[in-house]
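Working notes for the structure below.
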Amino acid sequence: MTERAWRNWYLIPYGIWLVLFVVAPIVFLVYESFLDLDGHWTLSNYKSVWTPIYLKMMAYSFWYAFLITLVSLLIGYPTAYWLTKTRHKQLWLLLLILPMWVNLLLKVYAFLGLFGTYGLANALLKALGVGPRQLLFTDFSFVFVSVYIFIPFMVLPIFNALEELPPSLVDAARDLGASAWTTFRRVVFPLTLGGVKAGCQAVFIPALSLFMITRLIAGNRVITLGTAIEQHFLVTQDWGMGATIAVVLMIAMAVIVVLTGTGRKEGSR
């Protein structure tokens, strides 16, 4: 048997896994989206998803995903740039990645304690003379915790793009009289745009479907499409409507990936 044939055999387990855990769930969701509560075929779910209440949820989902992505980028880019200049970059990268090894639910519950009425954050505010504040169940706490969860996914692609940037290009720009800001604006940022787009994809797409953080940290004050999917599947038992929202969300994610998919080529020019 040739080496190529052996490679094809090695692909069989991967193909089985892909069919069972990627293709089959998507097919199931699409199938369920055409069923009503009684199990009859219908298009009413797709009509309902464009009603004002769901359009409002969609707008909230995109707004909060954009806000989380923007804050992550504003924090993540300077952090990634600093990491490329520090001496012990591997150690700092390890410390950045380390929280990703902790279960998401545990991290969320840790913030419940930190932002609680008698938590560390309010104790610090009290010591500063500000007094206790309602930190939990607010937009601030939701965005803060979400950014904390997603920030490594923004930093790592940008860090890799900055590491691949030839230092000679920056040196040439400075030798030609460009200021630090001009060098960043005309040389560094355009050449690392691929990493920026990859990081924005890695943050924006999962941020669209958040539901656990909205429930535990925002106290359902923030209602997104992810929350609606959870409610339909677990509370109202309207699987058809929940599947329809999930399908619409997947299509939106696919469109975002297609629109930003050329970022790496642009960043490497």
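Brief remarks on what is shown
- Cβ pairs under 8 Å, 6+ apart, first in segment 49-63 and over 17 Å from ALA218 (Cα atoms) and touching a residue at least 24 places away in the same chain (Cβ under 8 Å), second of a type outside the set (A, V, I, L, M) and buried (at least 17 other Cβ atoms within 10 Å of the Cβ): VAL49/THR244
- Filtered residues of segment 195-229 (kept if open to solvent by 10 Å² or more (accessible area, probe 1.4 Å), closer than 30 Å to LEU162 by Cβ, part of a helix (DSSP H, G or I) and not hydrophobic (A, V, I, L, M, F, W, C)): LYS197, GLN201, PRO206
- Filtered residue count, segment 116-147, keeping only those that are touching a residue at least 40 places away in the same chain (Cβ under 8 Å) and either crowded, with 17+ Cβ neighbours inside 10 Å or touching a Cys at 6+ places or on another chain (Cβ under 9 Å) (or both): 8
- Segment 55-88, residues that are farther than 15 Å from ILE151 by Cβ and open to solvent by less than 40 Å² (accessible area, probe 1.4 Å): MET57, MET58, SER61, TYR64, THR84, THR86
- Restricting attention to segment 1-47, the residues that are hydroxyl-bearing (Ser, Thr, Tyr), in a loop (DSSP other than H, G, I, E, B) and closer than 27 Å to MET58 by Cβ total 2.
- Where helices (runs of 4 or more DSSP H) fall entirely within segment 76-162, those with at least 1 residues that are closer than 19 Å to GLY199 by Cα and within 18 Å of the chain's Cα centre (by Cα) are at 89-97.
- Hits in segment 158-172 - residues which are within 13 Å of PHE189 (Cα to Cα) and open to solvent by less than 50 Å² (accessible area, probe 1.4 Å): ILE158, PHE159, ALA161, LEU162, LEU165, VAL170
The values are calculated or read from the model by the stated rules, or taken from the named source; none is laboratory data. All values reported here derive from a predicted model rather than from experimental measurement. Counting neighbours? That spans all protein chains shown, and the Cβs are built from the backbone with ideal geometry, glycine included. Accessible surface is based on the protein model in full, side chains and every heavy atom, while ligands, DNA and RNA are left aside. Shrake-Rupley method; radii C 1.70, N 1.55, O 1.52, S 1.80 Å.
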